[in-house]
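Just so you know, all these numbers are worked out from the coordinates, no wet-lab data involved. As the structure is a computational prediction, the values presented were derived from the model and not from experiment. In this analysis, Cβ positions are derived from the backbone assuming ideal geometry, glycine residues included, and neighbour counts consider all displayed protein chains.
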Amino acid sequence: MYSLTKTLFSFAFVGFLMTSCGGSEICQCAQAELDYTKEVMAAKDDEKKIEEIQKKYEGKMEKCQELDNGKSKEEEEKMEKEYKECSAYKELQKLEEAK
């Protein structure tokens, strides 16, 4: 299996960083994470498809990561709470539980 675990782990880390997205952007980040995860899971062991998916979402993920810069711990906690309220985050949790 093409390092699917590694890919999902790295995406989970990106997901943590996405808690920095503010306002409605946070749910956009959560949705991008959900879409990415579903596509990677559907690609299964197809390394070429997984690489294409990673390239497809690279810009979106970078944007979410950059929004984390310069935030205080309090701001990060507030954004994480907001992130966890997004419907895409809740769906991601269901996918994780189904593994």
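Annotations
- Per-residue Cβ neighbour rank within 10 angstrom, fewest leading, CYS29, CYS64, CYS86: CYS86, CYS64, CYS29
- Taking trypsin sites (Lys or Arg not before Pro) across the range 35-78, the ones in a DSSP loop with at most 13 further Cβ atoms lying within 10 angstrom of their Cβ are LYS44.
- Which of ASP46, ASP68 has the fewest Cβ neighbours within 10 Å, and the rest in rising order: ASP46, ASP68
- Note on ASN69 and GLU39: their simple-model spin labels are 2.5 nm apart, each label 7 Å out from Cα toward Cβ.
- At an R0 of 22 angstrom, the distance between the Cβ atoms of ALA98 and GLU52 translates into a FRET efficiency of 0.35.
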